[in-house]
């Protein structure tokens, strides 16, 4: 009996020692999205949805006092800006919930601090991981007032802010990244995309950004082909608001040296009064009024037309060879900074030109169109302004205030001489802020 007692006591002593020797653990079991995407795999997780929850599961319950944003830090890899999210804990599971979604196309670092502890008092060893969200990162995305991606063969505002309709049948073609049916195609016969009149389309400071693709064979370069020399890409009430026209100087650069694809960025004067007769010709984006005419031979401008620059030169040369544009996707951004009183044009992410308007503020394009549709005596203009934004023409189908872009007049022309835009547009955005030079470069790099 004594032997049995000693044996039992020895076993109990050994078991107790074994328990005392065991070290409590607190480890990360998994780091996943709520959709099942592994964020702690051998390779970086990509295409993480913007609304994904990040779920960290540990081997034992987490000390709630240590479940903080500082200890579960999520920040952008570029710039180290902490994201906006909340942290909640339930037992061994910690959930990170983004306040308004993770930014599109952005790489984030997740740093799990050594200050995280389990309810058993054991500290976490720490871990650092990264992931990239799906989509395209857009600087100042919350300042967007219109976004037409044209993905999935649709023409609608992705933000849900604006009402979008079409005139005629809109085509869809391969976009700048080779994705089928993800860019809008305009046939040059009058099909349009129209956005209902809204103050969001004419803010005080603004950025208009989009990609275009067109063919030189659809423009008369001065050789008498009968084709239009210029085409209207987009506009809001033409010269009574703003518009963009594209054209071609010459088809034979060897003959005159001017094989140039140019832009005509038109706008209006703020201080024109309410008299229809006082409205001048379109004022250029980079000129203080429509009366300025600098000799084209000097390489600056003619009226309000500007050649796309050869961006490989420093400083940029005024002549941008048409062959570089011909059939290629080009990114165009136009910004207006009401505080700095500056208008800037960017091509393929590179600043082309910046001009300040008059210190008096007389020269500026985005004005309240409601003030411009009445004469001084309060009566209607002879031909009404329509405030819709149009893609494919300098004004909407209903706009009758400008004869040279009147839809019915253009539509009556022979097919080959219609000045409606012929080509493709993609990723059309309007912001109510002026993007900075670095932000424009970032947008270009992320969208291309």
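The values are calculated or read from the model by the stated rules, or taken from the named source; none is laboratory data. None of these values were measured; they are calculated from a predicted model. Cβ: placed from backbone, ideal geometry, glycine included. Neighbour counts: every protein chain shown.
One table, with the values for the structure above:
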item	result
Region 166-201, subset touching a helix residue (DSSP H, G or I) at 6+ places or on another chain (Cβ under 7 Å), in a loop (DSSP other than H, G, I, E, B) and in contact (Cβ under 8 Å) with a residue 60 or more places away in the chain, residue farthest from residue 411 (Cα to Cα)	182
Residue match in region 155-165 (condition: out of contact with any strand residue (DSSP E or B) (no Cβ under 9 Å at 6 or more places or on another chain) and either surrounded by fewer than 19 Cβ atoms within 10 Å (Cβ to Cβ) or not in a helix (DSSP H, G or I) (or both))	yes
Tally of residues being within 16 Å of residue 139 (Cβ to Cβ) and buried (at least 16 other Cβ atoms within 10 Å of the Cβ) across region 76-103	5
Checklist (1) within 19 Å of residue 220 (Cβ to Cβ); (2) in contact with a helix residue (DSSP H, G or I) (Cβ under 8 Å, 6 or more places away or on another chain); (3) modelled with pLDDT under 90 applied to residue 393, failing item	(3)
Any chance residue 371 is modelled with pLDDT under 75 and surrounded by 17 or more Cβ atoms within 10 Å (Cβ to Cβ)	no
Matching residues, region 398-415, being touching a residue at least 24 places away in the same chain (Cβ under 8 Å) and not in a loop (DSSP other than H, G, I, E, B)	404, 405, 407, 410, 411, 415
Scope region 186-217; condition closer than 17 Å to residue 326 by Cα and surrounded by fewer than 18 Cβ atoms within 10 Å (Cβ to Cβ); matching residues	187, 215, 216, 217
Output for region 86-135, where each listed residue is within 14 Å of residue 48 (Cβ to Cβ) and part of a loop (DSSP other than H, G, I, E, B)	101, 102, 103, 104, 105, 106, 134, 135
Test: residue 8 is under 21 Å from residue 116 (Cβ atoms) and either under 32 Å from the mean Cα position of the chain (by Cα) or at pLDDT below 95 (or both)	no
